[in-house]
Amino acid sequence: MLLYHASKHLIAQAHFRTIPRRLLSMSLTSPEAFSVEKHVAIAAVRRACLVTCTVFNQLVRDRTDTLKKEDDSPVTVGDYAAQAVINTVLRNAFPEDPIVGEEGADALRQGSNTKLRERVVSLATNALREDLIDGEKAQWGLGSQHEHSSEALLKAIDEGNDTGGPNKRMWTVDPIDGTKGFLRGGQYAVCLSLIVNSQVVLGVIGCPNIQIHPENPDEEKGCIFVAVRGQGAFQITLSGTSAIKLPFFSSEKSYVLQSEESKHTNIPLIRRVSDELHLTEWGMDSQAKYCCLARGEGAVYLRMPASTIGGKQPYEERIWDHAPGSILVEEAGGKITDSEGAPLQFGLGRGMGENHGFVATVDEELHARVISAIKRAQLAEDPKKTNPAL
Ligand code: AMP
Ligand code: MG
């Protein structure tokens, strides 16, 4: 009942496109800050994970439901259905909040994609109509009393078309981050964050393929990682039981996490940094990297664009790819900046502007050492970059 009243109160607040400064500071310091948003986000991510797990078990293995997007990354029926689920929940709970989501429904509306559309609708509907578990509310669009038409679900997918920017309260959605990992049966993540006036205040990441405890490979898999600004970071199980505060683990080896995709990362540069700092490389898809770092499995996450050499930057990072992971690392006691030590930018739009890579570490002291090691590695790779006289 308490949650319900709080929810109505927050819906009323959401009519302000710019949150009044008084409300923002009050909400950021209160121990209950963003409590309703947290529960809504966990419900949305958990149900989206139901979709992705079903898709993997039923459809991925035969690869018949994969479309090509313009940027060449595979888009599956799971991507669309998971975004439909998350946006439907957000729209019901916070009707006025803008959503910056990765997918649009244009491809699904094409006549040639009828079968794909029907599968998306059926998967999203089934996940939304599952029985409520503790902490979930019917007024978020959940449970068997709600019908979800095909048009309503496609519209929900398209609700993710906000352009982002500063001075607003907005959600970011990446329904399946690490699509390639998902298709390989490896790591992927269902990612949701809330940004208020350019600051990430809540991050929720669902990782169905992450081991609940790093030391027990035989244990059931599936975790949700949750962080609220000023309230710490936690891991809960996908089934909704037992919360563990992060970090809770310490690896014997010091790992540097990096992208599994060679075209997403400057492999030689990361190798130089790893060698200098005696770190062992660990390739992994998606924001699961931030989750492993936050719980203490890894020491560093290095994201250096493949084109760092020469200062070119053909790919601009997107806010939905780093907002949830960044707050998770910070709330677990770590530090994240760009590779020159500047804060990440979440208020510029859908993209994160010009930068030359990101550095996340479990602690501040290591962060400073990684930034200096990167400078030395860049100089060794391309002396002209840091000394134009050469
Ligand atoms: P990862 O799993 O760490 O390789 O990152 C996956 C994310 O990388 C996807 O969500 C894409 O948005 C993003 N991405 C796509 N192309 C590139 C690129 N050329 N460089 C870096 N990241 C990219
Ligand atoms: Mg992504």
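Any read-out appearing in this document is the output of simple, stated calculations on the displayed coordinates, not a laboratory observation. Quick caveat, the model's predicted, so the values are computed rather than measured. Positions of Cβ are backbone-derived with ideal geometry, glycine not excepted, and every protein chain shown enters the neighbour counts.
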Quick check on packing: order 103-113, 165-175 by the mean number of other C-beta atoms within 10 Å, highest mean leading. 165-175, 103-113
From the backbone phi of segment 272-282, what are the Karplus-calculated ³J(HN,Hα) couplings (6.51 cos²θ - 1.76 cosθ + 1.60, θ = phi - 60°) in whole Hz, Gly and Pro given as x? 4, 5, 4, 4, 4, 9, 6, 9, 9, 6, 9
Placed amide H near Ile210: partners under 5 Å, 5+ positions off or other chain: Gly222, Cys223
When the Karplus curve 6.51 cos²θ - 1.76 cosθ + 1.60 is applied with θ = phi - 60°, which whole-Hz ³J(HN,Hα) does each residue of segment 162-177 get, with x for Gly and Pro? 4, 8, x, x, x, 6, 8, 9, 8, 9, 10, 10, 10, x, 9, 7
Search the structure for amide H atoms under 5 Å from the amide H of Ser339, placed 1.01 Å from N in the peptide plane, and list their residues when 5 or more places away or on another chain. His356, Gly357, Phe358, Val359
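Using mean Cβ contacts within 10 Å as the protection proxy, how do 177-186, 124-133, 224-233 order, highest first?
Values: 177-186: 20.1, 124-133: 18.3, 224-233: 22.4.
Those peptides, ordered most packed to least, come out 224-233, 177-186, 124-133.
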Estimated inter-spin distance, His146 and Gln110, nm [label 7 Å along Cα→Cβ]: 3.0
What are the residues whose amide H is under 5 Å from the amide H of Gln287, where those residues sit 5 or more places off or on another chain and H is modelled from the backbone? Ala189
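With 10 angstrom as the radius, rank His322, His367 by how many other C-beta atoms surround their C-beta, starting from the fewest. Intermediate values should be presented prior to the final figure.
Working: His322 28, His367 18.
Sorted ascending by nearby Cβ count, the order is His367, His322.
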For segment 367-380, Karplus-derived ³J(HN,Hα) couplings (6.51, -1.76, 1.60; θ = phi - 60°; whole Hz; x for glycine and proline) come out as 4, 4, 5, 5, 4, 5, 5, 5, 4, 5, 5, 5, 5, 5
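Residue separation times 0.36 nm, minus the C-alpha to C-alpha distance between Arg129 and Arg376: what's the value?
Numbers: separation 247, 0.36 × 247 = 88.92 nm, distance 5.44 nm.
Additional length available on full extension: 83.5 nm.
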Holding the Cα-Cα limit at 25 Å, pick out from Lys180/Lys221; Lys115/Lys289; Lys245/Lys335; Lys180/Lys245; Lys38/Lys180 the pairs that are longer than that. Lys115/Lys289; Lys180/Lys245; Lys38/Lys180
